[in-house]
Amino acid sequence: MMAPRRTWIIVACGALVAGCGDGDTTADAAVGVDAARPDAAGCPLRWTVNADDGATATITGGALVLTATDMTAGSAIEVTQAGLSGDFDAAFLVTSFTAGGTGAFVQAGISEDVAAPTRFLTAAIGTFPAVGVSAADQPSGSTDLDATAETGAILRFVRVGATVTITAEAEDVTSTVTATFDADDLRVGVQLGTNMGAIAPVTTATIDAFTLTGGAPGAAAADAFDCDSLIP
């Protein structure tokens, strides 16, 4: 089942950002409940995909690969699953990111799984115009944005009680912020997009795994991307 589009707040303007957008990106309509039912090959179908024309998500070679061309400002493709709750340690392992132009990013996020969430915790790697990693409590919380020479990062969210530690960790630098966020029934996912206008060339991100410990049993689940877990 395809869920209506949601756009997480784009990586916040900060010290690395030149000509950052006007911040008009908003959340879209409600996201449906994912059913982790198996496909014909026995692979649990966990991830809802929402994509613009020219954007694709595939699972190949043991990785989730996101690709987008002709992006306009905002999110071009989102891959999400529902059911994250309780104390948890959740992370997307981004092994490579290739930007089609300035402003392109790959970003992980968590938010309430409601029609119009007002709070977004995000971790990202992108071009602003220098390559950087970012951790943020958006729209009004703290942001940490740091330059990196790397093209991969671990985008991670750790919650204990009501405290969430958000990190975007490259080999040479780590951005981190903490937030108070005790809502349950969260949606977690990853997206490609741009916060600095149209980008025609291809932007790609390769994600080797989504790791998860804790959380509610039988809800959101880790994924090694060793089979096609994308909901058709």
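Just one residue in the set 115, 82, 91, 108 is touching a Ser or Thr at 6+ places or on another chain (Cβ under 6 Å) and under 22 Å from residue 231 (Cα atoms); that residue is 91.
Checking 211, 180, 204 one by one, the residue that is without any contact (Cβ under 8 Å) to a residue 40 or more places away in the chain and either within 16 Å of residue 111 (Cβ to Cβ) or within 16 Å of the chain's Cα centre (by Cα) (or both) is 180 and no other.
One residue stands out in the stretch 109-128 among those that are closer than 29 Å to residue 201 by Cβ and more than 14 Å from the chain's Cα centre (by Cα): the one that is surrounded by the fewest Cβ atoms within 10 Å (Cβ to Cβ), namely 127.
Taken as a whole, the condition of being under 11 Å from the mean Cα position of the chain (by Cα), part of a strand (DSSP E or B) and farther than 23 Å from residue 218 by Cα applies to residue 106. Take residue 183 and tell me if it is crowded, with 21+ Cβ neighbours inside 10 Å, part of a loop (DSSP other than H, G, I, E, B), of a type in the set (A, V, I, L, M, F, W, C) and at pLDDT below 95. Criteria not met by residue 183. Remark: pairs (first residue in the stretch 117-139, among the charged types (D, E, K, R); second residue assigned to a loop (DSSP other than H, G, I, E, B) and at pLDDT 90 or above; Cβ separation under 7 Å; 6+ apart in sequence or on different chains) = 119/181. The set of residues from the stretch 157-177 being in contact (Cβ under 8 Å) with a residue 60 or more places away in the chain, farther than 21 Å from residue 66 by Cβ and not aliphatic (A, V, I, L, M) comprises 159, 161.
Flag not set for residue 144, criterion: in a loop (DSSP other than H, G, I, E, B), among the charged types (D, E, K, R) and farther than 28 Å from residue 52 by Cα.
The values are calculated or read from the model by the stated rules, or taken from the named source; none is laboratory data. The structure displayed is predicted, hence computed values, not measured ones. As a convention, Cβ positions derive from the backbone with ideal geometry for all residues, glycine included, and neighbour counts pool all protein chains shown.
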